[in-house]
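The values are calculated or read from the model by the stated rules, or taken from the named source; none is laboratory data. All figures in this text were calculated on a predicted structure; none of them were measured in a lab. Cβ atoms come from the backbone with ideal geometry, glycine included; neighbour counts cover every protein chain shown. We work out accessible area using only protein heavy atoms, side chains counted, and drop any ligands, DNA or RNA first. Shrake-Rupley method; radii C 1.70, N 1.55, O 1.52, S 1.80 Å.
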Amino acid sequence: MSEARQHRFVLPEGAADLLLIRHGETQAAIRGQSFPLVAGQGDPALRPEGEAQARAVAARLKSEPIAGIWVTTMQRTHQTAAPLAEALGIEPQVEADLREVHLGDWDGGEYRFRANENDPAFLRARDGHEWGEIPGAETTATLHARVRAGLMRIAARHPNELVAVVVHGGVVGAALSIASGAVPFAFNGAANGSISRLVVQGERMIVRGFNDVSHLAGIS
């Protein structure tokens, strides 16, 4: 051998290549009004900017060899997946364990106001990487356990395939923290309509990308 080129990533045999897409931007919270609830969790619809983000995701990915599309129990993921599903002729499937973190007493839109006001419980949650600091919310450990389980089920269905998984910001953060071993909130804050990438082979997870928003130029 006269030369050795640098390593290029190749999908491991049997692995699933998961594109984690955060849903598009949703309707604004209004003080004193709750979003519609699904199993006690806020279920707002996309706002026009979020619909534009969903179309941009579809334009970005419609030529990729995507073998499946997965969504959660919440309408914002279904709405975000719809343009891509139509372009590819794929019926989305639901993975309930990838629903957003349950925010307890602050679900339905209240969390946004508490975060903007730097409520002490929000600050404790943020600084301690613990969702359970929010009254009635699920713990970070509970979130991570179900997110891992949901990702493993999807990966088991799609060996050697590329899959679009439309989820939530807290779920993207949990998934990449689990995969990388980073502190729990290290990857929180993925943009609406962004694409992150996670490769799953058996119990092994590899982070291949985070918060790609190159397809969202001009949407604000």
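Remarks
- Summary: within the chain, the longest segment free of GluC sites (Glu not before Pro) located in DSSP loops with at most 13 other C-beta atoms within 10 Å is 14-116.
- Length released on extending from Val38 to Met152, taking residue separation times 0.36 nm less the Cα-Cα span: 38.7 nm
- Mean-square fluctuations from a GNM of the chain, with a 10 angstrom spring cutoff on Cα atoms, peak among Asn116, Asn192, Asn160 at Asn116.
- Given 13 as the ceiling on other Cβ atoms within 10 Å, longest exposed-site-free region of the chain for trypsin sites (Lys or Arg not before Pro) in DSSP loops: 63-220
- Note: relative contact order over the range 138-220, using C-alpha pairs below 8 Å and six or more positions apart, is 23 percent.
- Size of electric dipole in the chain: Cβ of Lys, Arg +1 and of Asp, Glu -1, about Cα centre, debye, nearest 20: 400
- Accessible area of the range 90-170 belonging to carbon and sulfur atoms, whole % at 1.4 Å probe: 50
- Average accessible area per residue (Å²) across the chain - probe 1.4 Å, nucleic acids and ligands excluded: 48
- Computed on the chain, with alpha-carbon pairs under 8 angstrom and 6+ residues apart, the relative contact order is 30 percent.
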